[in-house]
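Chemist: Got a structure here, written out as C-alpha cells. Questions coming.
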Amino acid sequence: MKQAQIIAPSVLNANFLNLQSELTAIENGGAGLVHLDIMDGHFVPNISFGPGISGLIGKATKLPLDCHLMIDNPELFVDEFVKIGARYVTVQAESTIHLDRLLNRIRELGAKPAVSINPATPIENIKWVLDSVDMVLVMSVNPGFGGQSLIPYCLDKIRALREMKPELDIEIDGGIKLDNILEAKMAGANIFVVGSAIFKTNSPELTCREFVGTVSA
Ligand code: DX5
Ligand code: ZN
C-alpha cells in the first residue's frame, strides 16, 4: 500500500477546558492531522463548533486541519474553513445537491476537497466525483457522536472503494480502536480518525503513539 498511514485524532471528545495540552499531546504522539467535527444540529442531531473555534485550534497546533463538515448548506461555510487554513475540507455527499460544484470550489479556494458518505450511502453515489477529490471519508458510524461502535459492513465499502481507486486517500471515521484498526487498514483505509479511543484514556500522547506504531508496523 503506497499511501502514508496517518492517525487523525478527533478533538470532539477531548477536554476542551484543557485543549492546548490535548493538542500538544497528539502532536508529540505522532498524529498527522487533527480532525475537527463540525456539527450544526441539523445534518446531525448534535452541535459542536464552527470556523471561529476551528481557527483558534489551527493557531494552537502545528498539525494540519482535517475539517469534517456535518452541516446542511455547506456551500455557506466552505470559504470560512479555507480561510482559517484547513488542509482538508470534507463535505457530506448527502448534505448538498451541487456536490461537483462544491468540491471544485474548495479546490479553487486552495484547500484539498474531500467527500464523506454515511454508512447507508452507496459508493455509487460519489463515483462521478472520485477524480475531483483528494480523499474519501467513509463513515463507519452514523454521524453525530463519538464513542459509538464501528459498523462492520462499512469495511466492505472500503474494500470496494480501494479496489476502484488504488491511489486515493481513504479515511475511516467512527469506532476505531486498537483492536480493530488493523482490520480497517487491511480493508484499505490509510487515514484513521480516532476520538474517544485516544482522548478518553489516561495518556492521549502514549495512546496516540501506540496507534501510530500499530498502523506503521
Ligand atoms: C462522528 C464524528 C467522528 C467521531 C469519532 O460523527 O465524525 O469523528 O468524533 O469518535 P470515535 O473515534 O470516538 O468514534
Ligand atoms: Zn468526523
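Chemist: Of all the residues that make up the stretch 121-170, how many are in contact with a Lys or Arg (Cβ under 8 Å, 6 or more places away or on another chain) and basic (Lys, Arg)?
Modeler: Number satisfying all stated conditions: 0.
Chemist: For the stretch 45-64, does any single residue satisfy the condition of being closer than 25 Å to residue 165 by Cβ and without any contact (Cβ under 8 Å) to a residue 60 or more places away in the chain?
Modeler: Yes, the stretch 45-64 has at least one match.
Chemist: Mind checking which pairs have a first residue in the stretch 2-22 that is farther than 22 Å from residue 178 by Cα and a second that is more than 14 Å from ligand 2 (Cβ to nearest atom), Cβ under 6 Å, 6 or more apart or different chains?
Modeler: Going by the 6 Å Cβ cut-off, the qualifying pairs are 20/60.
Chemist: Could you list, in sequence order, the residues of the stretch 87-102 that are more than 14 Å from ligand 2 (Cβ to nearest atom) and not in a helix (DSSP H, G or I)?
Modeler: Selection gives 87, 96, 97, 98.
Chemist: Also, I was wondering about something else. Which of the residues belonging to the stretch 103-115 are closer than 18 Å to residue 80 by Cβ and outside any helix (DSSP H, G or I)?
Modeler: Those that are closer than 18 Å to residue 80 by Cβ and outside any helix (DSSP H, G or I): 110, 111, 112, 113, 114.
Chemist: Evaluate the following for residue 38: is it surrounded by 18 or more Cβ atoms within 10 Å (Cβ to Cβ) and within 12 Å of ligand 1 (Cβ to nearest atom)?
Modeler: Judged against the criteria, residue 38 is a match.
Chemist: Could you list all residues from the stretch 41-69 that are within 12 Å of ligand 1 (Cβ to nearest atom) and crowded, with 19+ Cβ neighbours inside 10 Å?
Modeler: The answer is 43, 44, 48, 66, 67, 68, 69.
Chemist: Determine if the stretch 105-114 includes at least one residue that is among the charged types (D, E, K, R), within 23 Å of residue 26 (Cα to Cα) and out of contact with any Leu (no Cβ under 9 Å at 6 or more places or on another chain).
Modeler: Yes; the residues of the stretch 105-114 include at least one that is among the charged types (D, E, K, R), within 23 Å of residue 26 (Cα to Cα) and out of contact with any Leu (no Cβ under 9 Å at 6 or more places or on another chain).
Table: residues versus (1) outside any strand (DSSP E or B); (2) within 16 Å of ligand 2 (Cβ to nearest atom); (3) under 15 Å from the mean Cα position of the chain (by Cα).
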residue: 3; (1), (2), (3): yes, no, no
residue: 8; (1), (2), (3): no, yes, yes
residue: 12; (1), (2), (3): yes, yes, yes
residue: 17; (1), (2), (3): yes, no, no
residue: 24; (1), (2), (3): yes, no, no
residue: 32; (1), (2), (3): yes, yes, yes
residue: 37; (1), (2), (3): no, yes, yes
residue: 43; (1), (2), (3): yes, yes, no
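Chemist: Give the stretch 105-115 a look and list any residue that's surrounded by fewer than 16 Cβ atoms within 10 Å (Cβ to Cβ) and touching a helix residue (DSSP H, G or I) at 6+ places or on another chain (Cβ under 8 Å), or say none.
Modeler: Within the stretch 105-115, 109, 110 meet the criteria.
Chemist: Within the stretch 85-104, can you find the residues that are more than 17 Å from the chain's Cα centre (by Cα) and either among the hydroxyl-bearing types (Ser, Thr, Tyr) or crowded, with 19+ Cβ neighbours inside 10 Å (or both)? Spell out the reasoning first.
Modeler: Narrowing the stretch 85-104 to residues more than 17 Å from the chain's Cα centre (by Cα): 96-102, 104.
Of everything in the stretch 85-104, those that are more than 17 Å from the chain's Cα centre (by Cα) and either among the hydroxyl-bearing types (Ser, Thr, Tyr) or crowded, with 19+ Cβ neighbours inside 10 Å (or both) turn out to be 96, 99, 102.
Chemist: Would it be correct to say that residue 156 is more than 12 Å from ligand 1 (Cβ to nearest atom) and either among the aliphatic types (A, V, I, L, M) or at pLDDT 95 or above (or both)?
Modeler: Working: more than 12 Å from ligand 1 (Cβ to nearest atom): yes; either among the aliphatic types (A, V, I, L, M) or at pLDDT 95 or above (or both): yes.
So residue 156 passes the test.
Chemist: So which pairs qualify, if the first residue must be in the stretch 75-99 and over 22 Å from residue 58 (Cβ atoms) and aliphatic (A, V, I, L, M), the second must be at pLDDT 95 or above and surrounded by fewer than 16 Cβ atoms within 10 Å (Cβ to Cβ), the Cβ gap must be under 6 Å, and the two must be at least 6 apart or on different chains?
Modeler: Note: pairs meeting the criteria are 93/125.
The values are calculated or read from the model by the stated rules, or taken from the named source; none is laboratory data. As the structure is a prediction and not an experimental result, all values here were calculated from the model. Neighbour counts run over all protein chains shown; Cβ positions are idealised from the backbone, glycine included.
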